[in-house]
1. Working only within the stretch 1-40, note down all residues that are more than 16 Å from Asn101 (Cα to Cα) and charged (D, E, K, R).
2. Determine whether Glu144 is within 30 Å of Arg309 (Cβ to Cβ), within 16 Å of the ligand (Cβ to nearest atom) and charged (D, E, K, R).
3. Does Val359 count as touching a residue at least 12 places away in the same chain (Cβ under 8 Å), touching a Pro at 6+ places or on another chain (Cβ under 9 Å), surrounded by fewer than 22 Cβ atoms within 10 Å (Cβ to Cβ) and of a type in the set (Val, Ile, Thr)?
4. Residue by residue through the stretch 148-161, note down the ones that are assigned to a loop (DSSP other than H, G, I, E, B) and not hydrophobic (A, V, I, L, M, F, W, C).
5. Looking at the stretch 3-15, which of the residues that are more than 8 Å from the ligand (Cβ to nearest atom) and either buried (at least 24 other Cβ atoms within 10 Å of the Cβ) or modelled with pLDDT of 95 or more (or both) is nearest to Phe278 (Cα to Cα)?
6. Inspect all residues belonging to the stretch 158-174 and state whether any of them is touching a helix residue (DSSP H, G or I) at 6+ places or on another chain (Cβ under 8 Å) and hydroxyl-bearing (Ser, Thr, Tyr).
7. Within the group Tyr242, Tyr251, which residue is of a type outside the set (Val, Ile, Thr), within 8 Å of the ligand (Cβ to nearest atom), in contact with a strand residue (DSSP E or B) (Cβ under 7 Å, 6 or more places away or on another chain) and at pLDDT 95 or above?
8. Scan Val341, Val409, Val377, Val361 and give me the residue that is out of contact with any Asp or Glu (no Cβ under 8 Å at 6 or more places or on another chain), within 16 Å of the ligand (Cβ to nearest atom), part of a helix (DSSP H, G or I) and of a type outside the set (Asp, Glu).
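The values are calculated or read from the model by the stated rules, or taken from the named source; none is laboratory data. Every value quoted in this text rests on a predicted model; they were computed, and no experiment measured them. FYI the Cβ positions are ideal-geometry reconstructions off the backbone, even for glycines, and counts take in every protein chain you see.
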Amino acid sequence: MPERAQTYITTPIYYVNDRPHIGHCYTTLLADVTARFYRLLKGSTDTDTGRTPDVFFLTGTDEHADKVVTSAAAHSVTPIQWADQNAAEFKKAFAFMNCSNDDFIRTTEDRHTSKVLAYIRELQKKGDIYLGDYVGWFDESQEEYLTETAAKEANFVSPVTGKPLVKKVEKNYFFKLSAYQDKLKAHFDKNPTFVLPEARRNEVLGRLRGGLQDIPISRAVTADPTSQWGIKMPDDPTHRIYVWIDALFNYLSVVDTPERKQFWPPAVHFIAKDILWFHAVIWPALLMALGRALPATVYSHAYWVRDGRKMSKSLGNFVTIEVLKAYAQKYSLDALRWYLVTQGPQGATDADFSHAKFVEVYNADLANGIGNCASRVSNMIEKYFEGKVPEFQSTWIDRRWETTSADAVPRYLEAAQSLDLAAAFEAASSLIKDVDDLISETKPFTLAKDMQANGQEVANILACCAESIRIASIMLSPAMPQKMAELWQAWNCVPAPGTPLQELCAFNGPHAIKPGQRIAKGAALFMRADPAETPPA
Ligand code: ME8
């Protein structure tokens, strides 16, 4: 992502017709890990709140959809009661996932609705909105309008949910999307990372070549109570603003204030492939019409699936919050975060949520990886040096680092800044492997049999291991903040708030472990899991 003083990171705002599941938690987690990485990179933590003034991470809920009204009625409550109830569920789910969002927007809040009206008025003034007739198709499950061609291609069922499309003949206000075709194309050409991953960018470019039609941005208000839910068009109470237009504006409305305006434009909008067109085409065109800067990147990940099948209500195969909680309870929340971030559908390929894979990754990366490595090193420091970092030879450990591990930090930075989180954590994990290799190669436990002769060498080896683990732990912390904080406590190396990542990750630098520093053995960070055990539920 381009280097800017401020970094603004968003997730989709989720529909409140139902409760959150793994998909919602996953996208918000990607945003959380990215936000934590940027806070660390910039090192400008505000000590009172633990929040940096340079990173702003937003999530929230999209509340004016028709399905909120239907769902509320089915539960004998009003739409706002239903929205309140489910928005609270989303807040709880993200708190459980330890997501560090700086704000949570609900589209029923005045601070949002008043801004939406102002944006629509502005578009009207600029001549980008007109009243016209819509004849086409509507996907009620996705709240999405489809052209005749797109509907035909999809066999007149929703491409996302498979539900039949509904034919619509309506009077609507339209946004002149067609006027932005060339500008959008030029923007894509000039900004190769505007849509990521590459496969998704090509998909949008392909559709863009097919031409753009103007889109409805309002829906009629009738006697049907469903049609009365939403923000009314300015000066025309017979129309309400189409829920997608209302929703997209959340990214702008929340930071369009004197205190937050420096965050605009967003560094990244994290979304999944289902809502790519809205974010990659409609949203940037609206922003162009408003004369606002465009987000740097729209990152559209693939889907979590289960046993190779799409998760859906009808199949009843969602990985629910309850399942996620059971995993967190058994293996720790950070282990769950690690599995989701490193094995999830971040690229263009769907990922299967699999218990066997979870246990395999947990044992390999965590129990036998960082966990075991930290235990081995602290145990030896305890045994041979009474739990204190021994006097070591800087030149020895520097040479070892330079020859085996020095590329890990730059690889991590490059991957994280390109939003390839799995690759970033792979670079961090490679340091753990380097430590294991150093121990297998030099066998400090054998050398320690004759401390008189080999004491200095054992000291060098263990200091090098401890310092490498410290650096790995900093890099792993955006994914596993709690476990890494536990390690820092035990090792007396809690990073001073406000220290930038590169400084913290300087090997044998100002924040390095020091001779005499107490390194407590502590409990194992991750207990080994038995692959034969049944999945937690
Ligand atoms: O579309 N795998 O809300 P929504 C991974 N309100 N991620 C998934 C997923 C899965 N199986 N299922 C859902 C909306 N998601 C609109 C958005 S934004 C201005 C308005 C995640 O509740 C993923 O982020 O249907 C996807 O884009 C989002 O949930 C859709 O959430």
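1. Within the stretch 1-40, Glu3, Arg4, Asp18, Arg19 meet the criteria.
2. Details: within 30 Å of Arg309 (Cβ to Cβ): yes; within 16 Å of the ligand (Cβ to nearest atom): yes; charged (D, E, K, R): yes.
Taking the combined requirement at face value, the residue satisfies it.
3. On the way: touching a residue at least 12 places away in the same chain (Cβ under 8 Å): yes; touching a Pro at 6+ places or on another chain (Cβ under 9 Å): yes; surrounded by fewer than 22 Cβ atoms within 10 Å (Cβ to Cβ): yes; of a type in the set (Val, Ile, Thr): yes.
For Val359, the condition - touching a residue at least 12 places away in the same chain (Cβ under 8 Å), touching a Pro at 6+ places or on another chain (Cβ under 9 Å), surrounded by fewer than 22 Cβ atoms within 10 Å (Cβ to Cβ) and of a type in the set (Val, Ile, Thr) - is met.
4. Asn155, Ser158, Pro159, Thr161
5. Restricting attention to the stretch 3-15, the residues satisfying the condition of being more than 8 Å from the ligand (Cβ to nearest atom) are 3-10.
If we keep only those that are either buried (at least 24 other Cβ atoms within 10 Å of the Cβ) or modelled with pLDDT of 95 or more (or both) as well, we get 7-10.
Details: Thr7: 22, Tyr8: 19, Ile9: 17, Thr10: 15 Å.
Among those that are more than 8 Å from the ligand (Cβ to nearest atom) and either buried (at least 24 other Cβ atoms within 10 Å of the Cβ) or modelled with pLDDT of 95 or more (or both), it is Thr10.
6. no
7. Numbers: Tyr242 fails: within 8 Å of the ligand (Cβ to nearest atom).
Tyr251 is the lone residue from the list that is of a type outside the set (Val, Ile, Thr), within 8 Å of the ligand (Cβ to nearest atom), in contact with a strand residue (DSSP E or B) (Cβ under 7 Å, 6 or more places away or on another chain) and at pLDDT 95 or above.
8. The conditions single out Val341.
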